[in-house]
Structure formats: C-alpha cells, structure tokens
1. For segment A:483-635, just say rounded, prolate or oblate: build the C-alpha gyration tensor, square-root its eigenvalues into a ≥ b ≥ c, call rounded for a/c under 1.5, and beyond that prolate if a/b exceeds b/c, oblate if not.
2. Using the Karplus curve 6.51 cos²θ - 1.76 cosθ + 1.60 with θ = phi - 60°, what ³J(HN,Hα) values do you get for each residue of segment B:105-115, in whole Hz, with x for Gly and Pro?
3. For chain A, the longest stretch holding no GluC sites (Glu not before Pro) located in a DSSP loop with at most 16 other Cβ atoms within 10 Å is which?
4. Considering amide H positions built from the backbone, and no H for Pro or chain starts, which residues 5 or more places from B:A99, or on another chain, come under 5 Å of its amide H?
5. Whole Å is fine, so just give me how far the alpha carbon centre of segment B:142-174 lies from that of segment A:1-53.
6. Decide, for segment A:1-91, between rounded, prolate and oblate: order the square roots of the alpha carbon gyration tensor eigenvalues as a ≥ b ≥ c, take rounded if a/c falls under 1.5, and otherwise choose prolate if a/b is larger than b/c, else oblate.
7. When Rg is the radius of gyration of the Cα atoms in segment B:45-179 and Rh is its Kirkwood radius, what does Rg/Rh come to?
8. Averaging over every viewing direction, what projected area does the convex hull of the Cα atoms of segment B:123-179 cover, in nm²?
Amino acid sequence: MIAETGLIALLIAAALALLQAFLGFGALRPGGEPLLRAVRPVAIVQAAMTVTAFAMLLLVFARTDLSVKLVAEDSATTLPLLYRITGAWGNHEGSMLMWITILALSGAAVAIFERRLPERTLAATIGAQGLIALGFFAFLLFSSNPFERLATPPAEGAGFNPLLQDPGLAFHPPTLYVGYVGLSVAFSFAVGALLTRDVGPAFARAMRPWVLGAWIFLTLGITAGSYWAYYELGWGGWWFWDPTENASLMPWLAATALLHSVSVLATRDGLRAWTIMLAVVAFSMSMVGTFLVRSGILTSVHAFALDPRRGAFILILLALYIGGALALFGARIATVAEGNRFDPISREGALVANNLLLSAILGVVLIGTLYPLLTQAMGTQISVGPPYFNAAAGPIALILVAIMAAGPMMRWRRDRLVDVGRRVAIPAAIVVVALVVVLVALPGLRILPLLGLVLAAGTAAASVAPLWKRNLRRTPLFTWGMVVAHLGVAVSLAGMASESAFSQETLVAARPGDTVRVGPYAVHLAAVDPVAGPNYTAVRATLVATRGQGAPIVLHPEQRTFDNPPQQTAESAIATRLDGQLYTVVGEPVPGGRWQLRLWWKPFVTLIWAGGTLIALGGALSLLGRALPRRRARPVREGYAR
Amino acid sequence: MTLRTIRILLWLPLIAFLLILAAVASGLIKPHSTNVPSQMIGQPLPPFDLASGRGDAIRVRAAGFADGKPHLLNFFASWCVPCVGEAPQLLAIKQAGIAIEGIAVRDRPADLAEFLTRNGDPYDRIGLDDTSGVQMALGSSGVPETFVVDGHGIIRAQHIGAIGPQDVADMLAAVRSAQ
C-alpha cells in the first residue's frame, strides 16, 4: 500500500502542476485577476503531495520492501539503516524523485514567502514553476516510475553500490540538488518578468535572495562533493573534470555571474537583459547537467543507468523549456526598457568583466564536457581531459580572481583610474612581494600554481580592504558577506595552488615492518589484518606515521570487499594537520607478503574546502543581511541600556 | 550597433542552444559504442624499442616492422583473462604463416613464461611495455588488442578485444590486404 500511496500522490501532484501552470499563466490574461489568488495554494498543495510521494519512497526503502522493483534492484536487507534510507536517492528513479521534490518545494516556498514581486509577475513565476514540474512529473511517471511493483519479489535485494555506502550520500546529493533545482526559481522569475515586461530594481531585489539561497547550497554541495570524492575514491584528487562535476560547476558559474549582475540591477538598474539571460542560463545548465548525467550519454561514476529512451525524454523537455525561455527572451527582451548606463571604469564595469570571464569559463567547461558528443556527431571519438580544462579555464580563472579582488574597491557608476590605482596599491604590493618571495624561496615552480599562490595572497588582502577604516559593528552584514566570500576564494585558490605545487606521492610495495617516507613523515607499516564490517570484509593496514619528534599518528586504511554486489573499494585513511593532510591508501597484496601502499603528503590541501565553506558562509551572511535590513539601519544608542 | 543587429543578436542564444541540442540528439540516436578506435590507423608506427620478454637479447623495435611483409602486433599480458581465450586463434593465425609480434603490457618475464607454456607461444618476438607507454602511443585502450602493420611499418587496422574464432578469417584477410 505504501508504494501505491506514493504513486497516487505523484499523480495528484502532476495534475496540480498542470493546474498551477494553467492558473499562473491564465492570470496574465485580461480578466484573469481572480485566478491570482488560487495560484499560491495550488503550488503549496502540489508540493505537499510531492513530499508525500518522496516520504513513501523513503519508507519503502527503510523497510526494504523487496516487492518494489527499485528496492529489489538497489538495496538489500543486510545494509545498515543509514544506507537503506540514503539508498532511496542512490539510484536513477529515486534521485529524480528527490530532484522534483525540491522543485516542488521551491515553487511552494515562492508561493509562501515571496511578497515583493508584483502580483502578476508572481503568478506567472509560479505558473512557470508548475510547467517545469509537469514535464519532470511526466518523465518520472512514464519512464522512471520509482514505485513499480514486482510480480514475484526476490528473497534478497541486488545490493547497493559500495562507493555510495558512505555518510556523504546523506548530505551531498540533497545539498547539491537544493542548489541545482533552487535555481529554477530564478528561471521562473525571468520567464515571469519577460511575460509581464516588468524588469527593474524591484524585480532584482525580489529575485536576489532566491538566487543567493540556491547559490549557497550549490557552493556547499560542490565543496562537500569534492571532499567526498577526495576521500572516498582513494585517488587523492579533489577535482576530476568528470562530466557530472562539470554539470554542477556550470550552474554554479552561471549562478555566480547572476548573483553579481542581479546586484547591479538592484542597486544601479543596469544589465537588465543580461541578468534575465543569466537567470535562464543558470537553471538551463542545471537541466543540461541532469540530462548529461541521467541519460548516461557521457559515462561517469554518477551515471546509474544507460538508457537512451530516458535521454530522449529529458532532451525533449530541455528543448521545450530552454528553447522556450530563449525564444521568449529573443521575442520580448527588446521591448523591456533599457536600464542605466555606466562608465567602463566603475564597480559595474568590474562586475561586467567578472560576468564575462565567468561566462567564458562556463563556455570552456561546456565545450569540454560536450566535446565527445560534438566530435562523435562528426564521426570521430575524442574526449578531452584535465589538461584541456586546466589549461583553458585556469588562466581565465586567475584573471577573474584578480578582477574580483579589485572590483569592490571601485566606486559605482564612475571612477578614476588614478584613484583605483591608489586603492589597490597595497594588495598589488603584496602580490609583488609574494612573487619575489616565491621565486626566491621555491624556484622551479610551475606557472599556474605560482600565479595562484601569489594571487591568493594579494586577493586575501584585497578582499578585507572594504572593511578598512570602517566601523566594523556598523558595517552592513551583506558587506561582511562579500568580504568573507571573496576571502574564501583566496583561501581556496591558495589550497588548490599549494596542492598542485607541493603534493608528494609515494607508491611502494611494503612488508609489515617496513618504513616509507613521504613528505615530512616516516610511515611505518605495523600490520595488515583482516576485519569484518556489517556487509563487507576488509584487510586493514595499521600505519604509524611520525614526523620529527612529534607524537605518532595511527592510521587504518582499508581495502574493502563487498559481496552484494561484488566490488572492492579502497577506504582511505587521512590524518589532518594544520599544514596539510597525510593521505594513505592500502591496495592489493603483492607476492612475497607485501602490500601496495599509496601515500600522499598534501600541504594545505584542506584550504580548498575551507575556502569553499567560507564562500558559502559569505553567501549566508549576505542573505541574512538582506533579510534583516532594518535591524542594522536602526541607530545604535550606546551607553543607554545596561 | 543598429537596432536591427541587436534584435538579431538577441536570438543568438537560442540558435547556439539549438545547435548543441542537435549534436546531443545525434549522439543519442547513434548506437553507443565503447570501442574507441585508434587515431593512429594509416600512420606509421610510433618509434619504440622494447627489451625482450623472454630474457634474451632480441629487442622489439618499431623500425623492425618495415621489412616488406605485413605483421600482426598483439598487445597482451599474462594477467589478462581474455588473452587466454584469444591464444588458440593467434596460434591458428601463426600457422597460416603470419608473423605475430607480441607486446606484453605491465608484465614480468617469469609470469610470461608460465603463460606461454600453458597457452602456447605464437609470437616471433615479445617486447616488455612496463609503463604502457607503447600501448598509449598506438592509441590502444586495453588488452588484448591487435594491430595490422603493413610492410612499410604503417598501421593498417585495429582489432579491439580478443580475437574470437569468428574473427580469424577477417584478420587473415586484413593482413593479406596489407601487403
């Protein structure tokens, strides 16, 4: 009955999504005002139905109801409870249901909380949200029904991908999806505004918190995903330019650009068309990403199923939604009144440069990701890897960071180059000093890591510059947000440059009793023992790492063997210190009683994710600052209250 | 810019998107193949010079292929299970009078000797490719894989995966046409 309840809830939600689209767009017609009031409740009930369906899916997974096909194929009774539940979205159908649940919740959130948007634009926005949901409900019901029953349930499920059996699965996909799908709100706002031709500062101020919210989650999701891949895959890398990673990076790049252009629109009423375009592009990238991953058209660790029929279905949805929005853009945007103009040397100018560079990186990543498909269409098979992405995106990213550092020091509307020069003098001096220090102390460094380190130092200084000579208690929270986020970029950049420049790797076949050196550590292989987990067996190495006279660190990397489904995974063991991480993996046994040991010393690698977290924290401060503007504006009366 | 050009520019995003869509759709319609053909077909063999896998002094050199008669160049390894299945077909091809050069990928002479004793030895020479460098240079993505090299040292054809009993006739034809 649980599965059937879920299916029925899904059907009702789909019907409500249709109604929602009908009411939302219908409200735009002359005499459609009565429909305005009905749109909000429909969106809320639609979300409630979708959440019900998702809850039913969690329930059948938690109870391992093997008569449900999805459970039988992707779970097993022997799994620990955590993975029985998170396994609900560790497969194609479940993950699509989570996607659409977040879509419905986003629509409901707009219906409940959005008060600033003009009523007609809001109705069109909610209508667009319903229309998007309708397509994906159809996709779920016609080609990926998660509640399908089996006539004869098996005695045991087929098990769950061991790589996904990690607490990271509880956190990473939901966070990423909130970011990914949260961008649908910006998309629907853009469609709504194009329909009502109401694009201006008020619209931008209404849209900004939604973009910020999605962007914060996207940032967190990517950061968490990067760390998860880093420790779970056991390859010691933190970014692989895997199609799915790119699929999350592309919306992030577009959303970052959007975040900044929407600020220009909100404060200076400039960049109207550009902001609308970015709002369409950001969620389009989310949908393209969903398509790339879900169709299995590009093979990847994230592709659960290779199914061209599903691919064709999503492709048609993409053509309708993205094509429709872009066509609406082409037809309508010329009739939107032009916004304010500004000087190239100004805060707006820097933001436009930042936008163009972000878009350039987005283009580089998009072309690299689709390259295998594009060349295949022309008859050859070529794919591009990290060398392309690093070489093409790296330099643009460095220029982008430099402009990001200078931008906040420029005035709105018009500035003088001389004045800007004076303000960036200190960070520029820091860059020069850092360059000299790095060149002298670390000769032979490759060019990209070198520039990365030097720029990170300058950017860190420049990012806190807006706080210079300000009363810190009266500085608005959103200014703090910007400072913290930009500082996060500098921190993350320093981590990336340090990891790529100074990582040391050792691969040896060691006997118990051997000692291996990596970086500043001497790693002693004390023992290799068999251990048993809840649903796997493993060999576990005991490593004792010492550094100079310091206390020894004990590490236990494992090589796990799962039998349902049969697969081996390397479970890395990582020791985190202030100045870096010691990363250890134990591999296959080698004849002669030896074991493959792979050891890395990665100086300051944790800065990458610390920076990512700071960026998200900056976003959160900004969001808070915009949500509570009055509290800050009130005069501070010191000395009165005790 | 005139108003007219601006109006046309506004449709550019849609056009770009439709182009991408067309490329992606063609990727969906075409049958999905995981076999990636080498870009080296029609090119001369990249230079290499490998130590013998039999412990003797007979090296395997790229230059040695340009001796006027076609060769098969077979990538294999003692640790590769499909290579065991392929062995009888390679022996049959050798008996038909074709020279087969072997390149053992990431292998050891002791393991190789055992593999050859158990499965037969169709190879004129065997080179050791300890780093997969030669395999990469030829655009091969796995073992077993077999290339047809003509008498001028030009790569003529590639067979990805094990040569099954049904493939022997095709391989013989491919070698003969590579004279």
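1. In terms of gyration-tensor shape, prolate.
2. Result, ordered by residue: 8, 6, 10, 10, x, 5, 5, 4, 4, 5, 4 Hz.
3. Working: sites that count: A:E148, A:E156, A:E338, A:E638.
My reading of the result: A:339-637 is the longest stretch.
4. B:L72
5. With segment B:142-174 and segment A:1-53 each reduced to a Cα centre, they are spaced 61 Å.
6. Cα axes put segment A:1-91 in the prolate bin.
7. On the way: Rg = 13.3 Å, Rh = 14.5 Å.
Here the Rg-to-Rh quotient is 0.92.
8. Averaging across all directions leaves 4.4 nm² for the Cα convex hull.
Values in this text are rule-based calculations from the coordinates and carry no lab data. The structure displayed is predicted, hence computed values, not measured ones. Every residue, glycine among them, receives a Cβ derived from its backbone with ideal geometry; neighbour counts consider all protein chains shown.
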